[in-house]
Amino acid sequence: MGGMAARYRPIVDTAALRDRLTVAPVATLGTTDADGRPHLVPVCFATLPDGRLISAVDHKPKRTVALRRLEHVRVNPAVSLLVQHYEDDWEALWWVRVDGQAQVVDEPGREGLLEALVAKYAAYVARPPAGPAIVIRVERLTGWSARP
């Protein structure tokens, strides 16, 4: 395995990183609570025309729409979003991490933001997300790939 590891390399091409973000179906959103404890949750997300990323509270069953991720972003807007691709063929592995500043956008301010989510996810065509959105301003993109 040591010989294979030498071929693995960081992805430094920002366009390639953004392309991988565009095709990834889901991501893991990392937030922290007021005490600095991490919180990870899988999310659907899309890229907005200006390069920001959006995720929204949708209609899937939840105990409440007052989700911890929303509270965390309001307390500490620094977030990370991780997308990854896994296959049994380890030569096809890759990941991209976004570090940025997020904000919660409640229903009145979401106009014009949900179109990217509706375009990416067929389930949102008939029933767009109704809850608040999290919009992430990308500050740093990093990634790694088994192949260039």
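The values are calculated or read from the model by the stated rules, or taken from the named source; none is laboratory data. Note that this is a predicted model, so its numbers are computed, not measured. Methodologically, a virtual Cβ is constructed for each residue, glycine included, from the backbone with ideal geometry; neighbour enumeration extends over all protein chains shown. Areas reflect the complete protein model, heavy atoms only, side chains present, ligands, DNA and RNA absent. Shrake-Rupley method; radii C 1.70, N 1.55, O 1.52, S 1.80 Å.
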Ordering 76-86, 13-23 by per-residue average of other C-beta atoms within 10 angstrom, highest first, gives 76-86, 13-23
For the chain the mean separation of alpha carbon contacts under 8 Å (6+ apart) over residue count, i.e. relative contact order in percent, is 32
Computed over the stretch 63-104, protein heavy atoms only, probe 1.4 angstrom, the accessible area per residue in square angstrom equals 60
Highest mean packing first, using Cβ neighbours within 10 angstrom, the peptides 24-31, 87-94, 45-52 sort as 24-31, 45-52, 87-94
Checked the stretch 27-135 with the C-alpha gyration tensor, a ≥ b ≥ c its square-rooted eigenvalues, rounded below a/c of 1.5, otherwise prolate if a/b is larger than b/c and oblate if not; verdict oblate
In nanometres, the difference between 0.36 nm per residue of separation and the alpha-carbon distance of ARG9 and ASP99 is 30.5 nm
Shape call for the stretch 9-88, from the Cα gyration tensor axes a ≥ b ≥ c (a/c under 1.5 means rounded, otherwise prolate when a/b beats b/c, else oblate), comes out prolate
Relative to the chain, whose Cα atoms define the longest principal axis, helix 14-23 and its Cα axis are tilted in degrees, nearest 10, by 60
